[in-house]
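Everything below concerns the one structure shown next.
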Amino acid sequence: MAVVSRGFHGRGRRDGRLPPGQRDIGDGFPVLTAGPTPHTPLEEWDFVVQGEVDGLHRWTWEEFRALPHEPVTVDIHCVTSWSKFDTHWSGVSIDTVLEGVETAAEYVVAFSDGGYTTNLPLEDLTGGQAWVVDTYEDEPLAPEHGGPARLLVPHLYFWKSAKWVRGLALTSFDEPGFWETFGYHNYGDPWREQRYAGD
Amino acid sequence: MATTLDDLRGLFALDLTDAVLTCGGCGASTELRAHDLYPDAPALVVRCPSCTAVVLRFGTGGGRVRLDLSGTRLLTVTAPSAG
Ligand SMILES: [Zn+2]
(Lines give C-alpha, C1' and ligand atoms only; values in the text may rest on other atoms or scores of the structure.)
Protein backbone atom coordinates (compact mmCIF):
# COMPACT_ATOMS: atom_id res chain seq x y z
CA MET A 1 0.00 0.00 0.00
CA ALA A 2 1.34 3.44 -0.88
CA VAL A 3 2.44 5.65 1.96
CA VAL A 4 1.37 9.20 1.27
CA SER A 5 3.65 11.95 2.45
CA ARG A 6 2.04 14.42 4.85
CA GLY A 7 4.97 16.83 4.35
CA PHE A 8 4.74 20.19 2.69
CA HIS A 9 5.49 18.69 -0.72
CA GLY A 10 2.40 16.56 -0.40
CA ARG A 11 0.38 19.48 0.90
CA GLY A 12 1.25 21.60 -2.11
CA ARG A 13 0.40 18.76 -4.47
CA ARG A 14 -2.92 18.23 -2.72
CA ASP A 15 -4.02 21.83 -2.94
CA GLY A 16 -4.55 21.55 -6.68
CA ARG A 17 -6.52 18.35 -6.19
CA LEU A 18 -9.24 19.82 -3.98
CA PRO A 19 -12.30 20.92 -5.99
CA PRO A 20 -14.01 24.19 -4.98
CA GLY A 21 -15.98 24.06 -1.73
CA GLN A 22 -14.43 20.73 -0.66
CA ARG A 23 -12.29 19.86 2.38
CA ASP A 24 -9.74 17.06 2.85
CA ILE A 25 -11.18 14.52 5.27
CA GLY A 26 -7.84 12.75 5.68
CA ASP A 27 -8.14 9.18 6.91
CA GLY A 28 -11.89 9.39 7.52
CA PHE A 29 -14.41 7.70 5.27
CA PRO A 30 -17.93 8.78 6.27
CA VAL A 31 -20.77 6.36 5.60
CA LEU A 32 -23.68 8.23 4.06
CA THR A 33 -26.70 6.04 3.58
CA ALA A 34 -30.23 6.64 2.37
CA GLY A 35 -31.52 3.25 3.44
CA PRO A 36 -30.81 -0.05 5.13
CA THR A 37 -27.59 -1.79 4.10
CA PRO A 38 -28.43 -4.72 1.82
CA HIS A 39 -26.81 -8.08 2.54
CA THR A 40 -27.37 -10.02 -0.65
CA PRO A 41 -25.79 -13.50 -0.47
CA LEU A 42 -23.06 -13.86 -3.06
CA GLU A 43 -24.74 -16.94 -4.55
CA GLU A 44 -27.77 -14.75 -5.33
CA TRP A 45 -25.72 -11.78 -6.56
CA ASP A 46 -25.37 -11.03 -10.24
CA PHE A 47 -24.42 -8.08 -12.40
CA VAL A 48 -26.39 -7.34 -15.54
CA VAL A 49 -26.22 -5.01 -18.50
CA GLN A 50 -29.73 -4.55 -19.82
CA GLY A 51 -31.98 -2.11 -21.64
CA GLU A 52 -31.28 -1.10 -25.19
CA VAL A 53 -28.65 -3.77 -25.76
CA ASP A 54 -28.36 -6.90 -27.86
CA GLY A 55 -29.86 -9.18 -25.23
CA LEU A 56 -29.13 -9.52 -21.53
CA HIS A 57 -25.53 -9.63 -20.39
CA ARG A 58 -25.18 -11.24 -16.98
CA TRP A 59 -22.38 -12.30 -14.67
CA THR A 60 -22.68 -14.33 -11.50
CA TRP A 61 -20.39 -13.36 -8.60
CA GLU A 62 -17.88 -16.06 -9.61
CA GLU A 63 -17.99 -14.96 -13.24
CA PHE A 64 -17.57 -11.33 -12.22
CA ARG A 65 -14.63 -12.17 -9.96
CA ALA A 66 -13.02 -13.99 -12.90
CA LEU A 67 -13.16 -10.90 -15.13
CA PRO A 68 -9.85 -9.04 -15.42
CA HIS A 69 -9.46 -6.69 -12.46
CA GLU A 70 -7.23 -3.65 -12.32
CA PRO A 71 -5.94 -1.54 -9.43
CA VAL A 72 -7.32 2.00 -9.26
CA THR A 73 -5.93 4.87 -7.14
CA VAL A 74 -8.14 7.95 -7.24
CA ASP A 75 -9.39 10.95 -5.28
CA ILE A 76 -13.09 10.91 -4.42
CA HIS A 77 -15.37 13.88 -3.80
CA CYS A 78 -18.64 13.69 -1.86
CA VAL A 79 -21.33 16.31 -2.48
CA THR A 80 -21.57 16.83 1.30
CA SER A 81 -18.17 18.56 0.83
CA TRP A 82 -15.57 16.04 1.94
CA SER A 83 -12.88 14.77 -0.39
CA LYS A 84 -10.57 11.83 0.17
CA PHE A 85 -7.24 11.50 -1.61
CA ASP A 86 -5.47 8.41 -2.95
CA THR A 87 -8.13 5.81 -2.30
CA HIS A 88 -7.08 2.35 -3.50
CA TRP A 89 -9.58 0.06 -5.17
CA SER A 90 -9.59 -2.97 -7.41
CA GLY A 91 -12.30 -3.71 -9.89
CA VAL A 92 -13.47 -4.36 -13.42
CA SER A 93 -13.36 -1.52 -15.91
CA ILE A 94 -16.72 -0.64 -17.45
CA ASP A 95 -14.90 -0.94 -20.77
CA THR A 96 -14.43 -4.63 -19.95
CA VAL A 97 -18.06 -5.00 -18.86
CA LEU A 98 -19.30 -3.45 -22.10
CA GLU A 99 -16.93 -5.38 -24.36
CA GLY A 100 -19.01 -6.99 -27.08
CA VAL A 101 -22.18 -5.18 -26.01
CA GLU A 102 -23.93 -3.66 -29.02
CA THR A 103 -25.91 -0.53 -28.19
CA ALA A 104 -27.01 2.80 -29.61
CA ALA A 105 -27.78 4.08 -26.09
CA GLU A 106 -26.27 7.36 -24.88
CA TYR A 107 -27.33 7.16 -21.22
CA VAL A 108 -27.02 4.75 -18.35
CA VAL A 109 -29.00 4.21 -15.18
CA ALA A 110 -26.97 2.32 -12.60
CA PHE A 111 -29.24 0.39 -10.25
CA SER A 112 -28.57 -1.17 -6.88
CA ASP A 113 -29.87 -3.49 -4.22
CA GLY A 114 -32.24 -1.48 -2.06
CA GLY A 115 -33.64 0.45 -5.02
CA TYR A 116 -31.01 3.18 -5.40
CA THR A 117 -30.43 4.53 -8.89
CA THR A 118 -28.19 7.14 -10.50
CA ASN A 119 -27.98 8.32 -14.09
CA LEU A 120 -24.89 9.05 -16.16
CA PRO A 121 -23.97 9.67 -19.78
CA LEU A 122 -22.57 6.45 -21.24
CA GLU A 123 -19.47 8.32 -22.40
CA ASP A 124 -18.63 9.08 -18.73
CA LEU A 125 -18.42 5.37 -17.95
CA THR A 126 -16.11 4.36 -20.81
CA GLY A 127 -12.54 5.19 -21.75
CA GLY A 128 -11.02 4.08 -18.44
CA GLN A 129 -13.11 6.47 -16.33
CA ALA A 130 -15.28 4.04 -14.36
CA TRP A 131 -15.17 0.63 -12.70
CA VAL A 132 -17.23 -1.86 -10.76
CA VAL A 133 -15.01 -2.31 -7.71
CA ASP A 134 -15.11 -5.15 -5.18
CA THR A 135 -11.93 -4.39 -3.23
CA TYR A 136 -10.99 -1.38 -1.09
CA GLU A 137 -7.54 -0.95 0.44
CA ASP A 138 -6.74 -4.61 -0.35
CA GLU A 139 -9.80 -5.92 1.51
CA PRO A 140 -13.17 -7.10 0.19
CA LEU A 141 -15.39 -4.01 -0.07
CA ALA A 142 -17.33 -3.71 3.19
CA PRO A 143 -21.16 -3.63 3.02
CA GLU A 144 -21.34 -0.12 4.54
CA HIS A 145 -19.18 1.16 1.70
CA GLY A 146 -21.22 -0.62 -0.97
CA GLY A 147 -19.91 -4.17 -0.91
CA PRO A 148 -19.88 -6.68 -2.38
CA ALA A 149 -19.50 -4.29 -5.33
CA ARG A 150 -20.05 -0.64 -6.12
CA LEU A 151 -19.68 1.61 -9.09
CA LEU A 152 -16.65 3.92 -9.03
CA VAL A 153 -16.84 7.07 -11.16
CA PRO A 154 -14.29 9.29 -9.44
CA HIS A 155 -14.52 12.29 -11.78
CA LEU A 156 -18.11 12.94 -10.65
CA TYR A 157 -19.52 13.54 -7.14
CA PHE A 158 -19.54 10.31 -5.21
CA TRP A 159 -23.33 9.81 -5.24
CA LYS A 160 -22.81 8.75 -8.87
CA SER A 161 -20.62 5.86 -7.61
CA ALA A 162 -23.63 3.73 -6.70
CA LYS A 163 -23.16 1.43 -3.72
CA TRP A 164 -24.43 -2.19 -3.94
CA VAL A 165 -24.61 -1.87 -7.71
CA ARG A 166 -26.29 -4.75 -9.52
CA GLY A 167 -26.37 -3.54 -13.07
CA LEU A 168 -26.48 -0.92 -15.77
CA ALA A 169 -29.58 -0.11 -17.82
CA LEU A 170 -28.60 1.48 -21.13
CA THR A 171 -31.16 3.91 -22.52
CA SER A 172 -31.53 6.39 -25.37
CA PHE A 173 -33.11 8.94 -23.01
CA ASP A 174 -31.78 10.40 -19.77
CA GLU A 175 -33.71 9.23 -16.71
CA PRO A 176 -32.88 11.03 -13.43
CA GLY A 177 -31.97 8.77 -10.50
CA PHE A 178 -32.56 8.88 -6.73
CA TRP A 179 -30.77 12.14 -5.89
CA GLU A 180 -31.12 13.64 -9.35
CA THR A 181 -34.92 13.63 -8.89
CA PHE A 182 -34.45 15.48 -5.59
CA GLY A 183 -32.80 18.62 -6.91
CA TYR A 184 -29.25 17.34 -7.15
CA HIS A 185 -27.35 18.16 -10.31
CA ASN A 186 -27.96 15.86 -13.23
CA TYR A 187 -24.24 15.57 -14.07
CA GLY A 188 -22.38 16.35 -10.84
CA ASP A 189 -18.92 17.61 -11.85
CA PRO A 190 -17.08 18.52 -8.61
CA TRP A 191 -14.66 20.81 -10.45
CA ARG A 192 -17.59 22.93 -11.66
CA GLU A 193 -19.27 22.52 -8.25
CA GLN A 194 -22.42 21.04 -9.78
CA ARG A 195 -24.10 20.09 -6.52
CA TYR A 196 -27.66 21.15 -7.21
CA ALA A 197 -29.79 21.57 -10.31
CA GLY A 198 -28.98 24.95 -11.77
CA ASP A 199 -25.44 25.09 -10.33
CA MET B 1 -64.33 28.88 0.56
CA ALA B 2 -61.62 28.10 -1.97
CA THR B 3 -58.39 26.47 -0.85
CA THR B 4 -55.44 28.74 -1.56
CA LEU B 5 -51.68 28.54 -1.46
CA ASP B 6 -51.87 30.47 1.81
CA ASP B 7 -53.53 27.40 3.30
CA LEU B 8 -50.65 25.28 2.03
CA ARG B 9 -48.21 27.64 3.71
CA GLY B 10 -50.15 27.09 6.90
CA LEU B 11 -49.42 23.38 6.68
CA PHE B 12 -45.75 23.97 7.26
CA ALA B 13 -46.44 26.02 10.37
CA LEU B 14 -48.14 23.01 11.93
CA ASP B 15 -46.51 20.84 14.55
CA LEU B 16 -45.66 17.61 12.74
CA THR B 17 -44.86 15.57 15.85
CA ASP B 18 -48.18 13.70 15.66
CA ALA B 19 -48.29 13.61 11.85
CA VAL B 20 -49.36 10.33 10.29
CA LEU B 21 -48.09 9.30 6.85
CA THR B 22 -49.87 6.79 4.67
CA CYS B 23 -47.32 4.95 2.53
CA GLY B 24 -47.87 5.15 -1.21
CA GLY B 25 -46.28 1.74 -1.59
CA CYS B 26 -47.93 -0.58 0.93
CA GLY B 27 -50.69 1.65 2.29
CA ALA B 28 -49.61 1.40 5.94
CA SER B 29 -50.44 4.45 8.08
CA THR B 30 -47.69 5.24 10.57
CA GLU B 31 -46.78 8.13 12.82
CA LEU B 32 -43.98 10.18 11.30
CA ARG B 33 -41.81 9.68 14.40
CA ALA B 34 -42.12 5.88 14.06
CA HIS B 35 -40.59 5.86 10.59
CA ASP B 36 -37.04 4.78 9.77
CA LEU B 37 -34.92 7.93 9.45
CA TYR B 38 -31.71 8.21 7.43
CA PRO B 39 -30.34 11.66 8.28
CA ASP B 40 -26.75 11.08 7.12
CA ALA B 41 -27.45 11.01 3.40
CA PRO B 42 -27.19 14.29 1.45
CA ALA B 43 -30.76 14.87 2.62
CA LEU B 44 -33.09 13.38 5.24
CA VAL B 45 -34.63 10.19 3.89
CA VAL B 46 -37.70 8.82 5.68
CA ARG B 47 -38.71 5.22 5.00
CA CYS B 48 -41.91 3.29 5.75
CA PRO B 49 -41.25 0.89 8.65
CA SER B 50 -43.58 -1.68 7.07
CA CYS B 51 -42.10 -1.94 3.56
CA THR B 52 -38.91 0.31 3.66
CA ALA B 53 -40.17 2.41 0.73
CA VAL B 54 -39.09 6.06 0.73
CA VAL B 55 -42.10 8.11 1.83
CA LEU B 56 -40.45 11.50 2.34
CA ARG B 57 -37.26 13.34 1.48
CA PHE B 58 -36.34 16.67 2.99
CA GLY B 59 -33.27 18.74 2.29
CA THR B 60 -31.98 22.22 2.99
CA GLY B 61 -28.80 22.39 0.91
CA GLY B 62 -27.81 25.03 -1.60
CA GLY B 63 -29.93 27.77 -0.08
CA ARG B 64 -33.20 25.98 -0.86
CA VAL B 65 -35.63 23.86 1.10
CA ARG B 66 -36.78 20.71 -0.71
CA LEU B 67 -39.62 18.40 0.23
CA ASP B 68 -40.51 15.25 -1.70
CA LEU B 69 -43.70 13.54 -0.61
CA SER B 70 -44.16 11.47 -3.77
CA GLY B 71 -43.93 8.27 -1.74
CA THR B 72 -46.68 9.41 0.65
CA ARG B 73 -50.30 8.86 -0.31
CA LEU B 74 -51.68 10.93 2.55
CA LEU B 75 -50.30 13.21 5.24
CA THR B 76 -52.58 13.71 8.24
CA VAL B 77 -51.89 16.38 10.85
CA THR B 78 -54.07 17.62 13.69
CA ALA B 79 -55.38 21.11 12.96
CA PRO B 80 -54.24 23.72 15.53
CA SER B 81 -57.83 24.61 16.40
CA ALA B 82 -58.72 20.98 17.00
CA GLY B 83 -56.45 20.71 20.05
ZN1 LIG C 1 -44.93 1.03 3.07
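The values are calculated or read from the model by the stated rules, or taken from the named source; none is laboratory data. The structure displayed is predicted, hence computed values, not measured ones. Quick reminder, even Gly has a Cβ in these numbers, built from the backbone with ideal geometry, and neighbours come from all protein chains shown. Keep in mind that these areas ignore ligands, DNA and RNA; they rest on the heavy atoms of the full protein, side chains included. Shrake-Rupley method; radii C 1.70, N 1.55, O 1.52, S 1.80 Å.
Below are the figures for this structure:
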{"quantity": "Dipole magnitude of the protein assembly as shown about its Cα centre (Cβ charges: Lys, Arg +1; Asp, Glu -1), debye to nearest 20", "calculated": "1060"}
{"quantity": "The stretch A:43-192 - convex hull of the alpha-carbon atoms, volume per residue in Å³", "calculated": "112"}
{"quantity": "Surface accessible to a 1.4 Å probe, residue A:99 within the full protein complex, Å²", "calculated": "140"}
{"quantity": "Minimum 40 Å² accessible area buried by the other protein chains, the stretch B:15-42 residues, probe 1.4 Å, relative to alone", "calculated": "B:38, B:40, B:42"}
{"quantity": "Positive-end residue of A:20, A:56, A:151, charge dipole of the protein assembly as shown with Cβ unit charges", "calculated": "A:20"}
{"quantity": "Threshold 40 Å², the stretch A:169-197 residues less accessible with all protein chains present than alone (1.4 Å probe)", "calculated": "A:178, A:179, A:182, A:196"}
{"quantity": "FRET efficiency, 1/(1 + (r/R0)^6) with R0 35 Å, evaluated for residue A:42 and residue B:29 via beta carbons", "calculated": "0.40"}
{"quantity": "Inter-site label distance for residue A:60 and residue A:27 at 7 Å from Cα along Cβ, in nm", "calculated": "4.1"}
{"quantity": "Accessible-area order (highest first, 1.4 angstrom probe) of the listed residues A:187, A:157", "calculated": "A:187, A:157"}
{"quantity": "The stretch B:5-76, dipole about Cα centre (Lys/Arg Cβ +1, Asp/Glu Cβ -1), debye to the nearest 20", "calculated": "240"}
{"quantity": "Cα-based shape type of the stretch B:5-76, given that a ≥ b ≥ c are square roots of the gyration tensor eigenvalues and the cut on a/c is 1.5", "calculated": "oblate"}
{"quantity": "Solvent-accessible area buried by pairing A with B, both sides, nearest 100 square angstrom, 1.4 angstrom probe", "calculated": "1400"}
